[in-house]
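To start, the structure itself, in structure tokens.
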Amino acid sequence: DQQVKQNSPSLSVQEGRISILNCDYTNSMFDYFLWYKKYPAEGPTFLISISSIKDKNEDGRFTVFLNKSAKHLSLHIVPSQPGDSAVYFCAASAKGGGNKLTFGTGTQLKVEL
Amino acid sequence: EAGVTQFPSHSVIEKGQTVTLRCDPISGHDNLYWYRRVMGKEIKFLLHFVKESKQDESGMPNNRFLAERTGGTYSTLKVQPAELEDSGVYFCASSNPLSAHYEQYFGPGTRLTVT
């Protein structure tokens, strides 16, 4: 039973354009959401997060949007750069859950020149 | 500041053998987590230590897996005896409960291959 879903295994975008990565969740107890970026042979690196009391959080080129009623969040990267090419994982944490993270399966982003 | 380190980076063992993975968290991080990613699927939670105590081990697959964190510093994860389905990448993460509460810092992982 996968509680965090990333339905697009891959995404290809041209340099300079916007990348939109999507994530859906089923557990209503999740109250904090994170995006991690992963390069090959490295561990996931924290990118940006959002609390369930907000609907948007922005950090430079990265913006995360949360739609609680739809149980959906998205990560926008604009403008996309070749160095953004990586696997992006959506993760969620539930209050009282000890901060353990529940991850999606990841989306491979490729930013082309 | 040194990041989370894991050893070995890669281990190939035969079915039935024993393997021990080690994780050194960021200094001062009381929270330590083990996760596993199998065959390109999602990264799954295994267990959570707070200092030397197991806070949550609900993700441990079975009793062939034993995790320890003696002294509340580094942690080991032992698989005995290993089975084919144990193959995957084992990640360790740590966090400081006094800072960004949910932000966990991950190590590079140990790729375990059971043949």
Self-check item: Neighbour-limited loop hits for GluC sites (Glu not before Pro), the stretch B:1-99 (at most 13 other Cβ within 10 Å; DSSP other than H, G, I, E, B)
Solution: B:GLU1, B:GLU14, B:GLU83
Quiz item: If Lys and Arg each add +1 and Asp and Glu each add -1, what is the summed charge of the other residues whose beta carbon sits under 15 Å from the beta carbon of A:PRO82?
Solution: +1
Exercise. Partner chain Cβ atoms within 10 Å, averaged over the residues of A:37-46 - can you pull that number for me?
Key: 5
Quiz prompt | Value of relative contact order over chain A, rounded to a whole percent, pairs C-alpha under 8 Å and six or more apart | solution = 37 percent
Practice problem: Provide the buried accessible surface between chains A and B in square angstrom, both chains summed, 1.4 Å probe, rounded to the nearest 100. | Solution: 1700 Å²
Quiz item: In this model, which of A:LYS95/B:LYS51; A:LYS71/A:LYS110; B:LYS51/B:LYS78; A:LYS68/A:LYS100; A:LYS110/B:LYS54 are farther than 30 Å apart at the alpha-carbon?
Solution: A:LYS110/B:LYS54
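Contact order normalised by length for the stretch B:70-115, with contacts defined as Cα pairs under 8 Å and 6 or more residues apart; what percent is it?
So the answer I get is 42 percent.
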Exercise. Normalising by the residue count of chain B, find the relative contact order in percent from Cα pairs under 8 Å and 6+ residues apart.
Key: 37 percent
Quiz item: What is the list of residues in the stretch A:99-113 whose amide nitrogen lies under 16 Å from a point 7 angstrom out from the Cα of A:GLN14, following Cα to Cβ?
Solution: A:110-113
Practice problem: Mind giving me the FRET efficiency for B:THR18 and B:LYS54? R0 is 22 Å, r the Cβ-Cβ distance, nearest 0.05 is fine. | Solution: 0.60
Practice problem: Using a cut-off of under 20 Å, list every residue of the stretch A:65-88 whose amide N is near the label point 7 Å from the Cα of A:TYR39 along the Cα-to-beta-carbon line. | Solution: A:77-88
Exercise. For chain A, report the accessible area per residue in Å² (1.4 Å probe, heavy atoms, rounded to an integer).
Key: 48 Å²
Quiz item: Relative to the Cα centre, what is the charge dipole magnitude of chain B, using +1 at the beta carbon of each Lys and Arg, -1 at the beta carbon of each Asp and Glu, and rounding to the nearest 20 debye?
Solution: 220 debye
Quiz item: Which one of A:GLY16, A:LEU113, A:GLN2 has its Cα pushed farthest toward the positive end of the charge dipole of chain A, where Lys and Arg give +1 and Asp and Glu give -1 at the Cβ?
Solution: A:GLN2
Practice problem: Within the stretch A:1-57, report the trypsin sites (Lys or Arg not before Pro) that DSSP leaves as loop and that have at most 15 other Cβ atoms within 10 Å. | Solution: A:ARG17, A:LYS54
Quiz item: What's the Kirkwood radius of chain A in Å, using all Cα pairs?
Solution: 14.1 Å
Self-check item: Counted charge near B:MET60, where neighbours are those whose Cβ lies closer than 13 Å (Asp, Glu -1; Lys, Arg +1)
Solution: +2
Exercise. Can you send over the carbon and sulfur percentage of the accessible area for chain B, probe radius 1.4 Å, protein chains only?
Key: 49 percent
Exercise. Using a 10 Å cut-off on Cβ to Cβ distances, tally the other chain neighbours for every residue of B:71-83 and report the average as a whole number.
Key: 0
Self-check item: Of B:VAL89, B:VAL50, B:VAL12, the one that fluctuates the most in a GNM where chain B has Cα springs shorter than 10 Å
Solution: B:VAL12
Quiz item: If you count, for every residue in A:101-109, the Cβ atoms of partner chains within 10 Å of its Cβ, what is the mean?
Solution: 4
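FRET efficiency for A:GLN81 and B:ASP30, Cβ-Cβ distance as r, R0 = 35 Å, nearest 0.05?
Once rounded, the FRET efficiency stands at 0.45.
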Exercise. Can you pull the one-decimal nm distance between simple spin-label points at A:GLU112 and A:ARG61, each 7 Å off the Cα toward Cβ?
Key: 1.8 nm
Practice problem: Over the stretch B:70-115, give the accessible area per residue in Å² for a 1.4 Å probe, as an integer. | Solution: 42 Å²
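The values are calculated or read from the model by the stated rules, or taken from the named source; none is laboratory data. These numbers come from a predicted model, not from an experiment. As a convention, Cβ positions derive from the backbone with ideal geometry for all residues, glycine included, and neighbour counts pool all protein chains shown. Just so you know, the surface numbers come from the protein's heavy atoms only, side chains and all, with ligands and any DNA or RNA stripped out. Shrake-Rupley method; radii C 1.70, N 1.55, O 1.52, S 1.80 Å.
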